1. Somewhere in the stretch 287-295, is a residue open to solvent by 30 Å² or more (accessible area, probe 1.4 Å), under 25 Å from residue 13 (Cα atoms) and touching a Gly at 6+ places or on another chain (Cβ under 7 Å)?
2. Just to check your reading of the model, which residue among 276, 248 is open to solvent by less than 10 Å² (accessible area, probe 1.4 Å) and under 27 Å from residue 44 (Cβ atoms)?
3. Of 284, 334, which residue is open to solvent by less than 40 Å² (accessible area, probe 1.4 Å) and more than 15 Å from the chain's Cα centre (by Cα)?
4. In the stretch 301-331, what residues are assigned to a helix (DSSP H, G or I) and open to solvent by 30 Å² or more (accessible area, probe 1.4 Å)?
5. Of these, 7, 47, 97, which one is of a type outside the set (Gly, Ala, Ser) and without any contact (Cβ under 8 Å) to a residue 40 or more places away in the chain?
6. Given the conditions (1) surrounded by fewer than 21 Cβ atoms within 10 Å (Cβ to Cβ); (2) of a type outside the set (Ser, Thr, Tyr); (3) outside any strand (DSSP E or B); (4) at pLDDT 95 or above, which single one is not true for residue 263?
7. Being assigned to a loop (DSSP other than H, G, I, E, B) and touching a strand residue (DSSP E or B) at 6+ places or on another chain (Cβ under 7 Å) is the filter; apply it to the stretch 64-95 and report the residue that is most open to solvent (accessible area, probe 1.4 Å).
8. So which residues in the stretch 20-34 are among the acidic types (Asp, Glu) and in contact (Cβ under 8 Å) with a residue 24 or more places away in the chain, if there are any at all?
Amino acid sequence: MDDADGTILRALQVYPRASFRLLGEVAGISEQTAARRYQALRRAGVTRVVGVVRPAVRGDAEWVVRVRCRPDRLEPLAASLARRRDVVFAYVVSGGTEIVCIVRAPIVAVGDDALLAALPSRAAVLDLRVDLLLHAFNPGSASKWTGFGGCLPEESRALVAAAASGAAGVEEEAVDGGAVENARLTDDDAPLIAALTQDGRLPHRELARVCGWTVGRVRRRLRTLEQGGALQYDVEILPERLGFDLSATLWLEVSPGAIDAVGEAVAAHDEVAFAAAISGEHNLMVSVICRNADDFYRYLRTRIGAMEGILGYSVSIRVRRLKQNASLVVQGRLIQPV
């Protein structure tokens, strides 16, 4: 991957449904070349743009679940968790006995017993920890990592953001109180959401064909769902395929008065893909992506170590990704779940 590919990915993080003409313009290449480069990355399983329904729309909260299990039962347990629709992220950490995942479920429905009942074998589970995800500091996407390179100058970012606003109708019509109400999902939306989960960049005409709607209806419904916050998009990226071999989760203990400042600052780091306040003793969860151990140590020493308000931390090194939002990770590729 070169700088042009990196710029395309950065632009997609600002506006996931940006046209190839716009992507080519900000990357300094032709529309055809931009399309060819993006499709090559997608076919290789390096990146996917997917539509994601905001959990609150379905009455769900997000839970950070850490499952420690018997080493000989890891594989069936990992496969079972990755297949669950309510599990949106899952990975194995170093030591091969712990799986970390994010589960979407109503607050009243989650408990140790409920989670254990859904696992293939209670006997395989040695310990289970469940914390509530309280606040994400980079909302709208779980993959805001920009350490892969490329460059999106401020004027280009503004251009892409303006195109996103225009597509959503933000400048054309004010969002009234009914927009959020109308953004509630209905049974009619099922084929639209299913299609966007497979490919968040499908053109309006293709979505109309899948749904049996007119192009105008597709455009209006997307505008309503996006403006109302029901529908978001995620640019999924496999960092290992880009030469970034060390991924880790930092569990930070932060003083309550500093958690907003630390969370906002950490979320802006190029090395960070996700940062969120959670319940529990370690009240800030941070996903970090680096090239190697030296790079990660530099990040800990110069970025995390320089922040005020951090009282302590622990580290979980990811050794294998299982699921990344709407995609399974199989043999180093992002694939659509069956």
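The values are calculated or read from the model by the stated rules, or taken from the named source; none is laboratory data. In this text the structure is predicted, and so the values were computed from the model without any measurement. Positions of Cβ are generated from backbone atoms using ideal geometry, with glycine treated the same way; all protein chains shown enter the neighbour counts. Quick note on the areas: whole protein, heavy atoms, side chains included, nothing else; ligands and nucleic acids left out. Shrake-Rupley method; radii C 1.70, N 1.55, O 1.52, S 1.80 Å.
1. Yes - at least one qualifying residue is present in the stretch 287-295.
2. It is 248.
3. Matching residue, one of 284, 334: 284.
4. 301, 302, 303
5. 97
6. Result: residue 263 passes all but (1).
7. In this case the residue turns out to be 70.
8. Answer for the stretch 20-34, where residues must be among the acidic types (Asp, Glu) and in contact (Cβ under 8 Å) with a residue 24 or more places away in the chain: just 25.
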